[in-house]
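The values are calculated or read from the model by the stated rules, or taken from the named source; none is laboratory data. These numbers were taken from a predicted model, which means no experiment stands behind them. Ideal geometry is used to build each Cβ from the backbone, glycine not excepted, and the neighbour counts take in all protein chains shown.
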Amino acid sequence: MGRLKLEQHQKVEQADQRGREIQEVAEIKNEEAEISSNAVRSIEGVDDDDRAAVEAAISESSSIAKALAESEIKAPGAEVGESLNETMNESTEYANQEYADASTAGEMTGDYSGVGSGLRGSLEQSGQEFQEIADESDRLNGELQAIFADQAAKLESAFG
C-alpha cells in the first residue's frame, strides 16, 4: 500500500503545483488588465468620435478580459478541481477498504488473534493515512477554487 499512498501524494502535489501556476498566470493577467484599464480610462476624447473610440476600446478590452478569465483561469482551474476530487474520492475508497480489512483482521481468533491484532493496527494506520490524503485534497481544492474564482472575477471586471 505504500506505493498507492505515494501515488496519491504525488497527485495532490502535482495538482497543487498546477494550481499555483494558474494563480501566477491569473495574477499576471490581472496586473496587465489593470495597467491597460488605467491607460484607456486616462484617455480623454476631445470630440464624440474620440469618446466613441475609447468606449469601443473599453468594451473590446472587457470582452478580451472575460475570454482570458475563462481560458486562463476557469477552465484550467476546473481541471485541477476535477483532479483533486478524483484523488480525494480514490483516497477515501482506499481508506474505507483498509478500515474494512482491519475489521476483518480483528475477527481472527485463537492462535491467530495476535497476528490479526497486529495486522488490524497496521491496516487502521494505513486507512488513516489515506484519509489524511483525501482531507488534504479536499482542503487544497477548496483553497484553490476560491483563489481561481476571485482572480477570474477580478479579471472579468477589470474594464467594467
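Overview of results
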quantity: Members of the stretch 11-31 found to be more than 13 Å from residue 157 (Cα to Cα) and not hydrophobic (A, V, I, L, M, F, W, C), listed by number; calculated: 11, 13, 14, 16, 17, 18, 19, 20, 21, 23, 24, 27
quantity: Condition met for residue 133 (within 18 Å of residue 14 (Cα to Cα) and either under 14 Å from the mean Cα position of the chain (by Cα) or not aromatic (Phe, Trp, Tyr) (or both)); calculated: yes
quantity: Some residue of the stretch 96-113 being in a helix (DSSP H, G or I), touching a residue at least 40 places away in the same chain (Cβ under 8 Å) and within 30 Å of residue 23 (Cα to Cα); calculated: no
quantity: Subset tally (residues that are surrounded by 13 or more Cβ atoms within 10 Å (Cβ to Cβ), closer than 30 Å to residue 148 by Cβ and acidic (Asp, Glu)) for the stretch 82-132; calculated: 4
quantity: Condition check for residue 143: charged (D, E, K, R) and not in a helix (DSSP H, G or I); calculated: no
quantity: All positions within the stretch 138-160 that are touching a residue at least 12 places away in the same chain (Cβ under 8 Å) and either touching a Cys at 6+ places or on another chain (Cβ under 7 Å) or charged (D, E, K, R) (or both); calculated: 138, 154, 156
quantity: Considering residues of the stretch 71-94 that are over 18 Å from residue 17 (Cα atoms) and touching a residue at least 60 places away in the same chain (Cβ under 8 Å) only, the residue farthest from the chain's Cα centre (by Cα); calculated: 94
quantity: Residue pairs meeting the criteria (Cβ under 7 Å; at least 6 apart or on separate chains; first over 18 Å from residue 16 (Cα atoms), in the stretch 118-137; second modelled with pLDDT of 95 or more and outside any helix (DSSP H, G or I)); calculated: none
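Conditions (1) surrounded by 13 or more Cβ atoms within 10 Å (Cβ to Cβ); (2) touching a Ser or Thr at 6+ places or on another chain (Cβ under 6 Å); (3) over 30 Å from residue 98 (Cα atoms); (4) among the acidic types (Asp, Glu), marked per residue:
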position: 8; (1), (2), (3), (4): yes, yes, no, no
position: 15; (1), (2), (3), (4): yes, yes, no, no
position: 21; (1), (2), (3), (4): no, no, yes, yes
position: 28; (1), (2), (3), (4): no, no, yes, no
position: 38; (1), (2), (3), (4): no, no, yes, no
position: 42; (1), (2), (3), (4): no, no, yes, no
position: 49; (1), (2), (3), (4): no, no, yes, yes
position: 54; (1), (2), (3), (4): yes, no, yes, no
